[in-house]
Structures are given as C-alpha cells and as structure tokens.
Amino acid sequence: MHIVMAGQGQFFWERHGFVVAYLFLFMVGMLRGQGTYWLARVVTEQTLRRTRPTEGWKAGVHRWLSGDGVARGRSSIQRWGLVTIPLAYLTVGFQTLVLAAAGMLRIAWPVFTLVQIPGALAWAAIYSTIGFALWGATIAALAGEPLALAALVATVVVVGTTLAVRRRRRNGAAAAAAKRGAPLP
C-alpha cells in the first residue's frame, strides 16, 4: 500500500522514518479504539434504552448493537476480562466488536484507555512492519499476476458463499423454531 504525497514516489515511512510511521499508526489505533468505544457507549445509551426504531439507519445500528457479533464480543470480555481488549487488536473484525462491547458495558473510560494502549502498540508494530509489507506484496502480485488475481477472486467467492449459506441456515432454523413455537437455538 503506497501512501504517496504529490510528486513523491516513496512510502510515507521511507520519507519520515519508521518511528514517525509507528507513532502515526499508534495514534490511529488509539483514535479508532476510542471512537468505537464512545460511539457504542453513547449509541447504546440513547438507542437501546430509549428507542425501538423499526427502519432507517437507527434501526440498523440498533440491530448491530443488539446482534450476535457484539454479543460475542461482550461475552468474551465478561469471560476473559479486560485482557480481551488489547488482544482484540491482533484480530481482524473481532476488534471492532470487542471495542464496541467495552463501550456497551460502560467500562470506565480511564480503565479502557489503559488496557487499550498495549493493543494499539502491538497493532502499530504489526502494520508498520509486516502488515504494510504484506499488503504491498499482495497488491504488487495482483497487479502483474493473473493467477494471483484469480486466487483472490476465488477466496472472496468462497468466503462470501460460506457466509451466505451460514446466514440462510441460521435464518431457516430460526424461522422453523418460531413456527413450532420452540425457543430459538
């Protein structure tokens, strides 16, 4: 992934050094974590407790915050404790769910911020070293290699199909259970 300034042909960190790139990414990790935490905390307070929207973006946020993904993040924090927060920075996708769950659980802001720091430091280290190198290599391979592009498309199709089949099965099982009057699985 190239972050190129106008007229420059270098990566951001090649011009400014690793330390600047690392600190920049650390701040991005911290700000993203704080933003997710506060958004979930405020929206949870306002949306889940005071409203029951049925359509529009508010209904979408309400469904997401009361959905299975955030519930898994919340149960993970409850089961494993605050160590879940920094460890979530080492995952893709689950990180947002855990950070939102921390906001939903109303973990005290100073405590959340302190336990977030090691995760943001690790995330910055990964992306300022291996992460961007891996993205750059992937993009370069895709730019000149038709087989790499085919492999990427195939991976996206397999993952998308798997998720669609799982969702359809889950929705079918829930509809069948509702018809029988049985509790949801």
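The values are calculated or read from the model by the stated rules, or taken from the named source; none is laboratory data. From a predicted model like this one, the values you see are computed outputs, not experimental measurements. Please note: Cβ atoms are built from the backbone with ideal geometry, for glycine as well, and neighbour counts cover all protein chains shown.
Suppose the filter is surrounded by fewer than 10 Cβ atoms within 10 Å (Cβ to Cβ), assigned to a helix (DSSP H, G or I), modelled with pLDDT under 75 and among the hydrophobic types (A, V, I, L, M, F, W, C); does Leu152 pass it? First the steps, then the outcome.
Working: surrounded by fewer than 10 Cβ atoms within 10 Å (Cβ to Cβ): no; assigned to a helix (DSSP H, G or I): yes; modelled with pLDDT under 75: yes; among the hydrophobic types (A, V, I, L, M, F, W, C): yes.
For Leu152, the condition - surrounded by fewer than 10 Cβ atoms within 10 Å (Cβ to Cβ), assigned to a helix (DSSP H, G or I), modelled with pLDDT under 75 and among the hydrophobic types (A, V, I, L, M, F, W, C) - is not met.
For Met27, only one of the following conditions fails: (1) in a helix (DSSP H, G or I); (2) modelled with pLDDT under 85; (3) surrounded by fewer than 16 Cβ atoms within 10 Å (Cβ to Cβ). What is its number?
The number of the failed condition is (2).
Name the pairs whose Cβ atoms lie under 9 Å apart, with the first residue in region 166-177 and under 12 Å from Asp68 (Cβ atoms), the second of a type outside the set (Ser, Thr, Tyr), and 6 or more positions between them or separate chains?
If the second residue must be of a type outside the set (Ser, Thr, Tyr), the pairs left are Arg170/Asp68; Arg170/Pro185; Ala174/Leu184; Ala174/Pro185.
Of the numbered conditions (1) touching a helix residue (DSSP H, G or I) at 6+ places or on another chain (Cβ under 6 Å); (2) under 24 Å from Arg167 (Cα atoms); (3) charged (D, E, K, R), Arg72 fails exactly one; give the number of that condition.
Here Arg72 clears every test but (1).
I'm trying to understand the selection: among the residues of region 78-101, which are crowded, with 20+ Cβ neighbours inside 10 Å and either of a type in the set (A, V, I, L, M, F, W, C) or not assigned by TED's automatic domain parsing to the domain that holds Ala125 (or both)?
Taking region 78-101 first, the residues crowded, with 20+ Cβ neighbours inside 10 Å are 84-86, 88-89, 95, 97-101.
Residues satisfying the conditions are Ile85, Ala88, Leu97, Val98, Leu99, Ala100, Ala101.
If you take the residues of region 58-77 that are of a type outside the set (Gly, Ala, Ser) and over 21 Å from Phe112 (Cβ atoms), which of them is surrounded by the most Cβ atoms within 10 Å (Cβ to Cβ)? Full working, then the answer.
Going residue by residue through region 58-77, those that are of a type outside the set (Gly, Ala, Ser) are 58, 61-65, 68, 70, 72, 74, 77.
When the remaining residues are screened for being over 21 Å from Phe112 (Cβ atoms), the result is 58, 62-63, 68.
Working: Lys58: 15, His62: 19, Arg63: 10, Asp68: 10.
Result: His62.
Would it be correct to say that Ala21 is farther than 22 Å from Thr96 by Cβ, in a helix (DSSP H, G or I) and modelled with pLDDT under 85? Break it down into steps so the answer makes sense when it comes.
Details: farther than 22 Å from Thr96 by Cβ: yes; in a helix (DSSP H, G or I): yes; modelled with pLDDT under 85: yes.
Yes, satisfied.
Do we find that Ala177 is modelled with pLDDT under 80 and part of a helix (DSSP H, G or I) in this structure? Before the answer, list the steps.
Details: modelled with pLDDT under 80: yes; part of a helix (DSSP H, G or I): yes.
Here the answer is yes, as Ala177 does meet what is asked.
Can you pull out the residues in region 47-63 that are at pLDDT 80 or above and either among the basic types (Lys, Arg) or part of a helix (DSSP H, G or I) (or both)?
Across region 47-63, the qualifying residues are Gly56, Trp57, Ala59, Gly60, Arg63.
Identify, please: which residue in region 103-125 is modelled with pLDDT under 90 and surrounded by 14 or more Cβ atoms within 10 Å (Cβ to Cβ) and is, among those, nearest to Met27 (Cα to Cα)? First the steps, then the outcome.
Keep residues of region 103-125 that are modelled with pLDDT under 90, which gives 104-108.
Those left that are additionally surrounded by 14 or more Cβ atoms within 10 Å (Cβ to Cβ): 104-105, 107.
Values: Met104: 23, Leu105: 24, Ile107: 21 Å.
Of everything passing the filter in region 103-125, Ile107 is nearest to Met27 (Cα to Cα).
What is the residue count in region 77-99 for residues that are under 23 Å from Gly131 (Cβ atoms) and assigned to a helix (DSSP H, G or I)?
12
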